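Structure record follows, encoded as structure tokens.
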Amino acid sequence: MTSTPSFSSFPDFSIKNEAGPSKSTVSAPVPSFGSFPEIEVPKKSRRRSRSRSISEDDRRSKRRERDEERSKGNRTERVDHDRERDRERSDRHKSDRRDEEGDERRKRDKDKDRKRDRGRSRDRDRERHRHRDRSRDREKDRYRDKSAERKYKEDKRRKERNQALQLIRGDEIESLERNKKKEEKWIKNEEGQPWYESMGEVKVAEVDMSQSTTFFPDIIGDRDAIRYGSTSSSTMPRYHREGKNRILGLNAGLRIIYSRDRTQKGVEIAPMGKPYVPRYNSRQTESAASQHLRRILLVPSETSSFFDPFASYVDFEIQPVRRDENDLPAYRDISKPQAEEDDFEHESIQNAIGSYTTLEEEVRKKTIETEEYLRSNPNDIDKWIEYSQLHLRLSPDRLTYNDNISSSDQSKSKTKSEAEITLSILSKALDASINNFNSVQLHLAYLKAAEHFWPKEKVTSRWKNVLSELSEKNKGKHDIQIEMMDLWLNYISWCEGQGFSKSGDQNGVDEVIEVYEECIGNLKNSSTYGDIQAREENLVYLFLRACLFIKEAGYAERAISAFQALMEITFFKPDQLRAAANTSFETILDEFEQFWDTEAPRLGEAGSEGWRNTSNTTFPTGKQFRPLQHTSDDPFERWLEAENHSEFKYSMPGRATDLDEEVEDDPYHTILFSDIRSLLFPITSPEVRLQLIYAFLTFLGLPFTPPDIPSSTPASNDPHLYWTLAHNQNKRNYFWPARPNTKKIPWQTVGGEPMDPERTRGLDSPFQSPVKCWLQDRDSMLGRKGTWFTDLDNIDISVLNVDLIRNVFSILRPLVPDPAFTLASFAFESAVSPKGAIKSAKAILASDRDNLLLWDGYARLERQRGNVGAARTVYATALQAAMSSRKENVVSEDELDLWSGWAEMELEVETDETRALEVVILAAGIGQDRIAESQQPERIPQSPSSIALLKARQFYSTLHHTFSPSLLLLKSLFVYLADGIESVRSFLLNRLTAIQPSSEESEQTLQLLTKILHFHSTRHASPAGLSRDTLELALSSFPNNTSFLSLYLYGELGGRVYGRIQRLITELTSHKNGSGGLIIHLWSIWAEAVSSHRTFWDDGGNGAERVRLALDKGINSPTGKHCAALWMLYIEFECLMGKYQSAKQLCYRAVTSLGGCKQLYLLPFTKSLRPHYTNRELKHWAELMIERGIRLRIPFENYFDTQQDEEEGLLRLPEDEDLKEDELGFLTEREVAKPY
């Protein structure tokens, strides 16, 4: 049994404790629960008295029971009587209370009515007195003396001017010291006790934790801020600027006088204390961070000396203004006019700040100077064009991006007004002189400005007139032909874009093809053209553009036939026509027409051998395709599936002998020679012939370029040549980050502590970019995926005609002596099947065993498959054969290519760099007799001896400065492996100073340096700035190189700092850089999506908004608006974000900018957009395609009836005799009220 708790367990309060209950000195004993006595409960006795008999007890008990029953009955009767009496009494009281309550209620209602009437009369009297008081106050205010108020305002303005002068003169130090002393006086009193402890008790007010409309914590984001572009002015808390409206970087005398932060239009500034001056504040300053204070220009003084930032003392040369003695007031005059004081103070401020002006004044001054110059020099074309663009400086190209309103629509009116001003100035320039009227540059600028607001028909007519007049007047002028080519290309762009429409009996596609034929005919027939090679290069480019346009419009058979004919005539001409030098090109075409009509296999088809080797008995064999299997029940989607299947199945030109029922009624499947004759032309230059081969590869969809072509060439940013992305849906999906599989958590616990969740990089490797543009070499063509950038992947060839490309490589390989063309075929076969590429390489090497570059390509194919031992064997065997066949012991360039490829492979596959160093030393000619030992897989590599290192260093140091690519790689690897990363970086950067900054050698050197830096960072700890500085240097010269861009993005994402990425993208896509090229815009879209992968799929996340901004910049750029792939990316992005109305608007804008692209017309029929289009809208799209001349292989009638749905959609009305009187009246009234 536990002890009973006692009071002694409580604390004892001593005497000194004032808060205790007692102050007694004697402590009384504390009572406990155990001191109380324990009282036992008495037990009931069970014993009975036995003195009485049992019979008497029974009688008594029975008598007692009868008495109890009798008394119980009497009590029951008495209780019932009492209850009845109480019930009657309560009913009588209730009725009395109801009567009393009714009287009271009626009395209260009368009182309420009486009070309400008195309150209304009191309110009427109060309102009458209030109006009388207001009128009396207005009368008083009208005759009130306002001199005191004016004096207060003047004193306040004078005080501000004095403060401005003190700030300018440096007198503000005294006031600051006074304020500091005053603050020190507040901090402590004389006894040293802080003031907040001497104030006594302070009543703490209760804090209202309810949500306030003035200030509240925003933890979920404001969707309205994204929708309207700014926060709501009603919920913005009041604030005051620190520094009393000063601006960092300006003099303290200039202050902000009115803020427009709520509308995000900038700020307005003026000298402090001066009234509002419209010429300083008529326009707001630019708020963009990239354009600091464009509206206000501070011009440095001409007499000011050079500013030395390292000087110990800086003299601002501020001197007080000294007045003439005649201007001084009399000594008895104690006051002076206010205007004189203001002029003096304003002059002091201007002397302190310096000469400053506004952008409007600068433009006005420049305009006056230009007009005076043009009066005396009216033939200066460049000055006229500069003068026409001068007014655009006053309207910066700053667009507001909205979800529902496109940027082009927002700036439409502004662009139209600016174009009218430009057009009037250029019209004066054309009329200034005859030379100006014959200027191609002026006409081109005039037409570009007219495109903004002239009708299409008027612009097209103007284009035709200008081309005909200038072509006639500039005949025989060799220097004008290049400018005329620019004029033709711009006219073609206009016809393919905004000017694409039906004209008379011709549709839009036929009209554009006629323009191409006319331009090619003019260049082909121009005998006075100076440079033949330049003329043929322009012809090849025009021919490629024409074939790509024909293919994109749906006429793939005609485009392929045109290329087949030109390649056959150029490379496979019969010997009798080749030997006859005086044979005209028309004669050659007549002979080729006979070959064409035989329907023999042509270039790229199965069994083709070339024009001169083809017999009349060979016929092409058809290819078997899988039958179409529909996956949808919707008739429009089924039609799209059938159309795509037919286009892929029948892309090759047909023959008249074809018996296929699906194409026997198609007039465009079989191509006659008359359909392509006007597009053909002769090519005589060997360089242009090689360009024709690579142009054919571009037409087929391969990314290969001729050797040593840098990424900065204009062809890399040509939107018309970048067509494969528009047909490759899987590759477009690579632009968007993967959807997260797990639920997003706001935090995670580590060791029991809550922490932010781990932020992933969002990019597994820098080689995942879907945009590929760099200087191609053997490493990029045949590199292993995942270790470096590759030119071609299996996803790139998923939409290409593999058999056609394979046949083209097979028939053209003997005609191209450059081994790079054969390596390109290896790369293509490797993308299709690595195992098949090995077989193809072995077959080629069997006939050309002495070509060392082909052996290097074969070893790289083995490396791709992971057979490092087989690759070593190939390198060692080929090098032994090369060393045995040396002439005069001279190392050839092909042998150096083998050494460099081997050393590079060892650096990639081995974590131990000893084997790579061995290969580099062997390449220097040291120990080459032991080359067979290096290929043994069980051999353990050993570090080279000091003597071998010394000899190798001596060999590489004696090399001359003009390095070949292979020799530069070998020397760079030796310096890296022997001396370290800093040494090789210094060596390659020093080499850049000896070559041109934008040449292919410079780009190749930078690509080698970035590759070494990347491999070093993956294996060794290195600072991020080491690679960042090199990549920034590389991007300054080659901004289109996506290998540099991707490596830079990967490095910055690893640091989880995105400021440099945003700044890089802004600089590359800004208007100062010409809005960036197509490659930059495509890469920036992917980079924005990757860097914002955490919020890309969130509703209202800023990641999607950044991607939308990049897309909007792209389609509004000069090159991006002509790229079909960019439009499709934008439309698919809006579908992913669930904004289908915006996607529909973009579809209409896309076909307006690119009227001849069939892929854009098919987008409304896809699964993502089909539910958001009505049947009538889709039929209008189909009619638009037919009207514009877009090729449709499957008729619409096979899947849906146009007439039937149109009749079902119309409102059927009964006949007149069936209408009743009320129905006729209703329809009559409805017809009258229709406009309203």
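The values are calculated or read from the model by the stated rules, or taken from the named source; none is laboratory data. All of these numbers come straight from a predicted model, not from anything done at the bench. Backbone-built Cβ (ideal geometry, glycine too); neighbour counts: all protein chains shown. Heads up: the accessible areas ignore ligands, DNA and RNA and are worked out on the full protein's heavy atoms, side chains in. Shrake-Rupley method; radii C 1.70, N 1.55, O 1.52, S 1.80 Å.
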Looking only at residues in segment 938-957 that are without any contact (Cβ under 8 Å) to a residue 12 or more places away in the chain and closer than 17 Å to LEU969 by Cα, which one is farthest from the chain's Cα centre (by Cα)? GLN954
Options SER1043, SER1070, SER1022, SER1017: the member that is surrounded by fewer than 23 Cβ atoms within 10 Å (Cβ to Cβ) and either touching a residue at least 60 places away in the same chain (Cβ under 8 Å) or on the phi > 0 side of the Ramachandran plot (or both): SER1070
Out of segment 850-902, which residues are within 21 Å of ILE838 (Cα to Cα), touching a helix residue (DSSP H, G or I) at 6+ places or on another chain (Cβ under 8 Å) and assigned to a loop (DSSP other than H, G, I, E, B)? ASN851, ARG865
Among helices (runs of 4 or more DSSP H) entirely inside segment 1101-1193, those with 3 or more residues being at pLDDT 90 or above, aromatic (Phe, Trp, Tyr) and surrounded by 22 or more Cβ atoms within 10 Å (Cβ to Cβ) are 1124-1136
Identify the single condition in (1) in contact with a Lys or Arg (Cβ under 8 Å, 6 or more places away or on another chain); (2) over 23 Å from LEU1129 (Cα atoms); (3) not in a helix (DSSP H, G or I) that ALA1021 does not satisfy, given that it satisfies every other one. (1)
Which residues, counting only those in segment 693-741, are over 21 Å from ALA824 (Cα atoms) and among the aliphatic types (A, V, I, L, M)? ALA726, ALA738
Of all the residues that make up segment 455-466, how many are surrounded by fewer than 17 Cβ atoms within 10 Å (Cβ to Cβ) and under 34 Å from the mean Cα position of the chain (by Cα)? 2
Is it fair to say GLU609 is open to solvent by 40 Å² or more (accessible area, probe 1.4 Å) and not polar (S, T, N, Q)? yes
Helices (runs of 4 or more DSSP H) wholly inside segment 506-595 containing at least 2 residues that are without any contact (Cβ under 8 Å) to a residue 12 or more places away in the chain: 508-524, 575-579
Just name the residue that is farthest from PRO707 (Cα to Cα) out of those in segment 764-805 that are in a helix (DSSP H, G or I) and open to solvent by 40 Å² or more (accessible area, probe 1.4 Å). ASP803
What pairs come out if I take residues in segment 713-735 that are within 16 Å of LEU697 (Cβ to Cβ) and in a loop (DSSP other than H, G, I, E, B) and pair them with residues that are among the hydroxyl-bearing types (Ser, Thr, Tyr) and open to solvent by 20 Å² or more (accessible area, probe 1.4 Å) whose C-beta lies under 7 Å away, six or more apart or interchain? LEU721/THR698
From the residues in segment 475-500 that are among the β-branched types (Val, Ile, Thr) and more than 18 Å from GLU552 (Cα to Cα), which one is modelled with the highest pLDDT? ILE482
Can you tell me which of (1) at pLDDT below 90; (2) buried (at least 21 other Cβ atoms within 10 Å of the Cβ) is the one VAL512 doesn't meet? (1)
Collect the residues in segment 943-997 that are under 18 Å from SER900 (Cβ atoms), open to solvent by 30 Å² or more (accessible area, probe 1.4 Å) and hydrophobic (A, V, I, L, M, F, W, C), keeping them in residue-number order. PHE955, LEU959, PHE963, LEU977, ALA978, PHE987
